[in-house]
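Some notes on the structure that comes next.
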Ligand code: AHG
Ligand code: MN
Ligand code: MN
Ligand code: MN
């Protein structure tokens, strides 16, 4: 009925954060992150008309060719976070070095982010994203990279934003439930739209998601697991956007498994631990899934337990519902 089309009591992201923390600085931080994601939304949606397609001409520290929109999104996040007054250290995919916030504007948070995820999809208007993880300075520290080079257990909260047919932020506090907020462009606010997101109880849709073009480089158990997905009684569908945010978002909502494993070409995988691996692992696990490295440096590890040895350290990723990650574990067991 028409009465309900206007919510006089909208649970905005801002209100949700205020209701779930007593830390006013965290409210300010999340407000700054949300603002930068609205700016990025505008840039992504106007990329064609604003002539923002194409390369910026530089290569970042993990070897990616930077797109104009990578650089712009990065500037938007850095400006919002530095000026929030609550950040000490920022680590971005697009900055070789960490950003140490000058004393006058420094605060207690350390934020790692991937300002624009899936940048190979920009120029054809396919879904892209933003990923962030938030830490607090260790006691006595004025803010150094060491405050971020800790395992995922130290992460206070994490989230991602999908810029897609709708713009949606998925966010969780450490140890809490996972919530979804859609950007309502008529009010310019993220509004709570998904309560306590969890993987489908029965495992959900049978979907595997990997860049299978790399399969000749995979180890045998990964090859075998994917073969099993394809040849099982109930064959799996393949879905791969090539933007981690979009692929993970679908995996949580529909079920399935996402793999970017270590292989003999990239022994540490491709994805970056601080601003891709850990935040996504935290969200996946708090939604009832598993975030594993697969076989990595001789053992199967939890992504959340890894300690980055550098800000741009990489990690292999095998994430998804329990039913499907178990198939991979079984193949490792069989291989001995
Ligand atoms: P980014 O665009 O932030 O550099 O991230 C790219 C990542 C991730 O989004 C995606 O899942 C993966 O790289 C795609 O890699 P391939 O092109 O090798 O499949
Ligand atoms: Mn990149
Ligand atoms: Mn990325
Ligand atoms: Mn990126």
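No value in this document is a laboratory result; all are computed from the given coordinates. Note that the structure is a prediction, hence the values are computed from the model and not measured. Heads up, the Cβs are rebuilt from the backbone with ideal geometry, glycines too, and the neighbour counts pull from every protein chain shown.
Values computed for the structure shown
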quantity: Prolate/oblate/rounded label for the stretch 182-336 (Cα gyration tensor, a/c 1.5); calculated: oblate
quantity: Inter-label distance, nm, simple model (7 Å from Cα along the C-beta direction), residue 83/residue 217; calculated: 4.1
quantity: Relative packing of peptides 153-163, 303-313, 5-15 - highest average C-beta neighbours within 10 Å first; calculated: 153-163, 303-313, 5-15
quantity: For the stretch 128-264: rounded, prolate or oblate by the Cα gyration tensor [a/c cutoff 1.5]; calculated: oblate
quantity: The stretch 236-308: relative contact order in percent, alpha carbon pairs under 8 Å with at least 6 residues between; calculated: 22
quantity: Cα-projected label distance for residue 195 with residue 299, points at 7 Å along beta-carbon direction, nm; calculated: 4.1
quantity: Size descriptor, Kirkwood hydrodynamic radius, that averages inverse alpha-carbon separations across the chain, Å; calculated: 20.3
quantity: Average projected area [Cα convex hull, the stretch 1-110], square nanometres; calculated: 10.0
quantity: Relative contact order (percent, whole number), the stretch 170-296, Cα cutoff 8 Å, 6+ residue spacing; calculated: 29
quantity: Sites residue 151 and residue 8 - FRET efficiency at Förster radius 41 Å, r taken between beta-carbons, to 0.05; calculated: 0.40
quantity: On Cα atoms only, tilt of 68-84 relative to the major axis of the chain in degrees; calculated: 50
quantity: Packing rank of 106-113, 169-176, where each peptide gets the mean count of other beta carbons within 10 Å, highest leading; calculated: 106-113, 169-176
quantity: Choice from 49, 126, 198 with maximal GNM fluctuation in the chain (Cα, 10 Å cutoff); calculated: 49
quantity: Helical contribution to [θ] at 222 nm, DSSP H n ≥ 4, -39,500 (n - 2.57), averaged over the chain, rounded to 500; calculated: -9000 deg cm²/dmol
quantity: Hull-based mean projected area of the stretch 69-148, where the convex hull spans the alpha carbons, in square nanometres; calculated: 5.1
quantity: Equivalent ellipsoid, the stretch 36-184 (semi-axes from 5 times Cα gyration tensor eigenvalues, Å); calculated: 26, 19, 13
quantity: Sequence-separation-based contact order of the chain, relative, with Cα cut under 8 Å and 6+ spacing, percent; calculated: 15
quantity: Between the stretch 172-221 and the stretch 146-161, the Cα center-to-center distance that results, in Å; calculated: 18
quantity: Cα gyration tensor category, rounded, prolate or oblate, for the stretch 244-336 with a/c compared to 1.5; calculated: oblate
